[in-house]
Amino acid sequence: MQKVFELSNKNGISVSFSELGGRIISIKLPQGNSFVDIIAGAADSDVYLTQDEYAGAICGRYANRIANAKFDIDGKMYELSANEGNNQLHGGLDGFHKQKWRVEDAQLEGFAGAYELHYLSKDLEEGYPGELWISVIYALNEFDEFFIQFSATAAKTTIINLTNHCYFNLAGGGTIRDHYLQILADKFTPFNHLKIPTGELMSLEKHPLDFRNPLLLGDFLDKNKTGLDHNFVLHAFDDLIFPSVILSYPAKGRSIEISTTQPGVQIYTAYHFHAGMRDKAGNPMQPFSGIAIEPQNFPNAPNIAHFPSAVLLPGQSYQQTIRYSFKYKR
């Protein structure tokens, strides 16, 4: 059984996570005299590894895919563990999602509560060069905003790309077909049959993936049977002023506005969910029972020179932030 930690604010919002993978297992919003849990997943934090090992977890050392599980730094080729055919996905066989993180209380001015999670990734762990010291802050304020701040330093030149892999369902159950999705992106990175980007930055103008205006996900899924598993190129990604993604559920007046410093966001509508998986109430799950919104660098960026750099040098500090702003009716 894993240790579970909880953040809460005066408005009744709570965020719970496990030490295993830093896995967010619930976010509860007020609903009258009760609450609704907007995180899709299993009832027991230990079940996640057998049901969906990435759900809610911190993914790294490199989130998303790296083609042929290898990359070059300064003329030296590094071979990674392959866990999706010949490619690597989300850091490999025993990525950060499977690690036990050390969790400490953090005192942050202006926040109702915060925790700091720590992990030391060893040299050549899953094939990545150099020791990497990672710190992740989970913090909740009184304005119904939840922050994830990633920080890391490296002993030698390496690559890094961290994100969180929560599956959201603002209805608290069922599918996300009655949710609306808006993504403030003009371009996306098309991919081949292995979901490895071609290197093109394709315009979304008059494209079926254009979510710049809110789209009802049910309408989109009717036309796109396997849903979304795409990386979108975000607008100004150097601040948190404007939201990059807005997910809304008008039937109950709930929404999440997601802002980030990351250059891209992977949107995945959980097509792989199936009846052999169980939700928190013990009911069979089905495709599209949740949506992962993963701010991050682009897939396979270490192997595509014109994508944002994923290289971290000794003496540099990796810093990225995600802010989730919750709106709801009681």
Local net charge near residue 204, Cβ-Cβ under 14 Å (Lys/Arg +1, Asp/Glu -1): -1
Under the Karplus curve 6.51 cos²θ - 1.76 cosθ + 1.60, θ = phi - 60°, whole-Hz ³J(HN,Hα) for the stretch 11-26, x wherever Gly or Pro sits: 8, x, 6, 9, 10, 10, 8, 9, 5, 6, x, x, 6, 6, 9, 7
Anisotropy class of the stretch 239-330 from Cα gyration tensor, a/c 1.5 cut: oblate
For the stretch 208-232 and the stretch 87-140, distance of Cα centres in Å: 31 Å
Whole-Hz ³J(HN,Hα) from phi, Karplus 6.51 cos²θ - 1.76 cosθ + 1.60, for the stretch 186-201, glycine and proline x: 8, 9, 9, 10, x, 9, 8, 5, 9, 6, 9, x, 6, x, 7, 9
Within the accessible area of the chain (1.4 Å probe), percent carbon and sulfur: 51 percent
Å² per residue, accessible surface of the stretch 79-191 at 1.4 Å: 38 Å²
Packing-based ranking, highest mean first, of 208-215, 288-295 given that Cβ atoms within 10 Å are counted: 288-295, 208-215
Karplus-derived HN-Hα couplings along the stretch 141-153 (A = 6.51, B = -1.76, C = 1.60, θ = phi - 60°), whole Hz, x at Gly and Pro: 9, 7, 9, 6, 10, 10, 10, 10, 10, 9, 9, 7, 9
CD proxy at 222 nm, helix term only [per DSSP H run n ≥ 4: -39500 (n - 2.57); per residue of the chain; nearest 500]: -500 deg cm²/dmol
Probe 1.4 Å, accessible area per residue of the stretch 211-256, Å²: 50 Å²
Sorted peptide list for 310-320, 60-70, 32-42, criterion being average Cβ within 10 angstrom, highest first: 60-70, 32-42, 310-320
For the chain, built as a Gaussian network whose Cα springs stay under 10 Å, the top-fluctuating residue of 225, 98, 206: 206
FRET efficiency for residue 93 and residue 329, using Cβ-Cβ distance with R0 set to 51 Å, rounded to 0.05: 0.70
Across 195/225; 28/122; 223/252; 187/225, pairs whose alpha-carbon gap is larger than 28 Å: 28/122
Heavy atoms of residue 198: accessible area, 1.4 Å probe, square angstrom to 10: 90 Å²
Highest average packing first - 109-115, 300-306, Cβ atoms within 10 Å: 300-306, 109-115
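The values are calculated or read from the model by the stated rules, or taken from the named source; none is laboratory data. All of these numbers come straight from a predicted model, not from anything done at the bench. Because the Cβ atoms are built from the backbone with ideal geometry, glycine has one as well, and the counts that use them run over all protein chains shown. Each accessible area value is taken on the protein alone, full model and side chains, heavy atoms only, with ligands, DNA and RNA left out. Shrake-Rupley method; radii C 1.70, N 1.55, O 1.52, S 1.80 Å.
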